[in-house]
Amino acid sequence: MRRKYSIAPLGLLLAATAGAATCPAALTEIAGRVAQLRGVPPPFNPPCRLIKPGELRAELDRKLRRDLPTAPELYIEALARTGFIDGDPSNIYKTLLTFYSAQVLGFYEPEADEMVVVDTPAAERIEGAFVWAHELAHAAQEHRFHLPSRLIAIKGDSDEQRAASAVAEGEAMLVMFLLNAATAGDEQLSAAESAVAQQARTLSTPPGLPPYFVDDLVFPYRTGFAAALRAYRKGGWPEVDRLLAHPPASSAALLHPDRRFASVDIPAGELPPPPEGWEEVLTDNTGEWGLAFLLGRAMPADRADAAAAAWDGDLLRLIRSRAHPDTWALAWRIRCPSAEARASLEATMQRVVPGLLAHLAPPAAPSITWVAAGRTLELRAGWPPSRPSPS
Ligand SMILES: [Zn+2]
């Protein structure tokens, strides 16, 4: 399932802020260089909106309520019900806001085409140039490709959104790197790629925050930077522009750049509708990234990654009983490239998924049925039997 857009981990994107009532000088100075590097037509000077550090939390809360497929508290509960995270959803949301607030000192907001700048005394530090180059690159993505606003508009396909977000973050990191590097030969680019991968691996999880959110935050930077670099090496900025104009449709396409994907989404109509007395919580997908994360909760990460590489499409529907809102049910359809790949993934999932879904409908573990046909696997957990309609 999905992530919010454009919040950079501090280790990957250093801090800077403003002291003046206008844009920080470091931001204004670098805007012209971003425009020139990325061919943004003038004028390119997004206005700045200064906010107090104490207002950042509310700002991020508003952003998450806009961007997530459902209310954040319910979304986090969905992650807990389906085994992605452990813990009390309402506490986790508070911890998550604290975590994000600590990472963010400014961001580009596509809705108003403005830079939101946290006004702290640490203004105009030298690292400012890094932050603003990155955030201005997002502004340039909006001016040239409407990518940030397209990202917000992708609803109900978290995996596609994750892939597009990765491309946006990867290009912004490339811009940031190239504008701040004295030289940018192949060696420097490779070193930057290794440094980002290393920082991504070592970003620590704060107490009380499930690892899911850190992995979710880091994926677009690590994978996206690698994708942007691949394109840049292959054909320079024109190739990077193609990536921004047509981002990969899935995390799998980013993880396996040489593999061909049919890119046919599973239609929502292939999943059963909520039966009478039940309501939909959400219909969405996990993508290969999400499937690998989930399986990795119950088995070693390398084996989970290998099993999830059989992903060639998925869609899940979560519902809950209107009379007993603590009773949830899941229908999840996963497509693989071949029947053999499906059989192998099915064997793995049958082993670990029952344990992962233990909290779907407490107090009892849900009953799970598995239906396999060719390369498609469908599981239903706690799903109420459909009653024949009275005739
Ligand atoms: Zn960013």
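Against the list (1) part of a loop (DSSP other than H, G, I, E, B); (2) closer than 20 Å to LEU79 by Cα; (3) touching a residue at least 60 places away in the same chain (Cβ under 8 Å); (4) more than 19 Å from the chain's Cα centre (by Cα), the condition VAL281 fails is (1). Residues of region 65-92 that are over 21 Å from ILE319 (Cα atoms) and buried (at least 18 other Cβ atoms within 10 Å of the Cβ): ILE92 alone. Scanning region 112-129 for residues that are at pLDDT 90 or above and either within 16 Å of the ligand (Cβ to nearest atom) or in contact with a Cys (Cβ under 7 Å, 6 or more places away or on another chain) (or both) returns ASP113, GLU114, MET115, VAL116.
Kindly evaluate PRO206 against the criterion of being more than 15 Å from the ligand (Cβ to nearest atom), modelled with pLDDT under 90 and either outside the structural domain of LEU243 (by TED's automatic domain parsing) or within 30 Å of LEU282 (Cβ to Cβ) (or both). Yes: the conditions hold for PRO206.
For LEU377, state whether it is in a strand (DSSP E or B), touching a Lys or Arg at 6+ places or on another chain (Cβ under 9 Å), of a type in the set (A, V, I, L, M) and more than 21 Å from HIS256 (Cα to Cα). Yes: the conditions hold for LEU377. Of the residues making up region 155-176, those that are closer than 18 Å to ARG65 by Cα and either basic (Lys, Arg) or surrounded by 19 or more Cβ atoms within 10 Å (Cβ to Cβ) (or both) are LYS155, ASP157, SER158, GLN161, ARG162, SER165.
Residue-by-condition table, conditions (1) within 30 Å of PRO41 (Cβ to Cβ); (2) hydrophobic (A, V, I, L, M, F, W, C); (3) more than 15 Å from the ligand (Cβ to nearest atom):
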residue: TYR108; (1), (2), (3): yes, no, no
residue: VAL131; (1), (2), (3): yes, yes, no
residue: ASP157; (1), (2), (3): no, no, yes
residue: ALA168; (1), (2), (3): yes, yes, no
residue: GLU171; (1), (2), (3): yes, no, no
residue: ALA182; (1), (2), (3): yes, yes, yes
residue: GLU187; (1), (2), (3): no, no, yes
residue: THR202; (1), (2), (3): no, no, yes
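Looking at ALA112, ALA133, ALA80, can you tell me which residue is aliphatic (A, V, I, L, M) and closer than 30 Å to GLY296 by Cα? Talk me through it step by step, then tell me what you get.
On the way: ALA112 fails: closer than 30 Å to GLY296 by Cα; ALA133 fails: closer than 30 Å to GLY296 by Cα.
After ruling out the rest, the residue left standing is ALA80.
Scanning region 182-196 for residues that are in a helix (DSSP H, G or I) and hydroxyl-bearing (Ser, Thr, Tyr) yields SER190, SER194.
Kindly establish whether HIS246 is at pLDDT 95 or above, assigned by TED's automatic domain parsing to the domain that holds PHE99 and on the phi > 0 side of the Ramachandran plot. Answer is no for this residue. Checked against (1) assigned to a helix (DSSP H, G or I); (2) touching a Phe, Trp or Tyr at 6+ places or on another chain (Cβ under 8 Å); (3) crowded, with 18+ Cβ neighbours inside 10 Å, GLN350 passes all but a single condition, namely (3).
With respect to the conditions (1) among the basic types (Lys, Arg); (2) at pLDDT 95 or above; (3) more than 21 Å from VAL196 (Cα to Cα), ARG162 lacks only one, and its number is (3).
Of ARG38, ARG49, ARG33, ARG65, all but one fail to be in the same structural domain as ASN180 (by TED's automatic domain parsing), touching a strand residue (DSSP E or B) at 6+ places or on another chain (Cβ under 9 Å) and among the basic types (Lys, Arg); the exception is ARG49.
With respect to (1) away from the ligand (no atom under 13 Å from the Cβ); (2) part of a helix (DSSP H, G or I); (3) of a type in the set (S, T, N, Q), the lone exception for GLN141 is condition (1).
All of ALA298, ALA249, ALA292, ALA308 fail the test of being surrounded by 13 or more Cβ atoms within 10 Å (Cβ to Cβ), among the small types (Gly, Ala, Ser) and over 20 Å from the mean Cα position of the chain (by Cα), apart from ALA298. Checking each residue in region 59-91 for being among the aliphatic types (A, V, I, L, M), modelled with pLDDT of 95 or more and under 15 Å from the mean Cα position of the chain (by Cα) picks out ILE76, LEU79.
The values are calculated or read from the model by the stated rules, or taken from the named source; none is laboratory data. Just so you know, these numbers come straight off a predicted model, no measurement behind them. Heads up, the Cβs are rebuilt from the backbone with ideal geometry, glycines too, and the neighbour counts pull from every protein chain shown.
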